[in-house]
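A quick write-up on the structure given underneath.
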Amino acid sequence: MPNASIQYVLLAMLAIGLLFAAFTDIRSRQIANWLNAAIALCAPLFWWASGIALWPDVGIQLGVAAATFAVLAVLFAFRAMGGGDVKLLTALALWIPPAQFLSLLIVMALVGGVLTLVIGSWHIARHRRDRLAIPYGVAIAAGGLWVLVANYLDPARATFGASLG
């Protein structure tokens, strides 16, 4: 049985965590392990509050998270993505249903592209020759917040189970 009040408290905590991740990534180009762990470890509470079934729904979430980690670990190995970004996106995969996770990835890619263009332009304008460092946690947080607002603030789509269908 879904518990909407606990579900919304957890979603608010997730939103605050995403904002904090974006802020710290801008400030220090790092996303803390404790923050990623907290986001991941709160996902089972969210599943319980949302009333989703262990099988197949939780299994699907775990599978999406595992696939996300596998793909992003390769990008990390090629130095195309930071470790904190990999962990944050993997933790988010535990929260967001697969169809909405695809929306998150699209928004993340668009925001990340704009962010790269803006920071790259600034980098060139300042005649900097060091390696360009993009705080991609900002794009991940933007995608996550977009999905939260689009899928959980609309009362007709406010439950996790409805989002899977």
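Laboratory data are not the source of any read-out in this text; all were calculated from the coordinates shown. Keep in mind it's a predicted model, so treat the numbers as computed, not measured. Quick reminder, even Gly has a Cβ in these numbers, built from the backbone with ideal geometry, and neighbours come from all protein chains shown.
Observations on the model:
- When the alpha carbon gyration tensor of the range 86-148 is reduced to an equivalent ellipsoid, the three semi-axes, largest first, read 28, 11, 7 Å.
- The alpha-carbon atoms of the chain define a convex hull whose volume equals 101 cubic angstrom per residue.
- Virtual spin-label span in nm between residue 8 and residue 71, 7 Å along Cα→Cβ: 3.3
- Approximating the spin labels as points 7 Å out from Cα along Cα→Cβ, the residue 37-to-residue 153 distance works out to 3.2 nm.
- Rounded D (µm²/s) - the range 1-98, Kirkwood Rh over Cα pairs, Stokes-Einstein at 10 °C, 1.306 mPa s: 114
- Additional length obtainable on full extension of the chain from residue 60 to residue 78, 0.36 nm per residue less Cα span: 3.7 nm
- Leading residue at positive end of dipole, the range 4-156 (Cβ point charges), from 81, 39, 94: 81
- When 85, 130 are sorted by how many other C-beta atoms sit within 10 angstrom of their C-beta, beginning with the fewest, the order is 130, 85.
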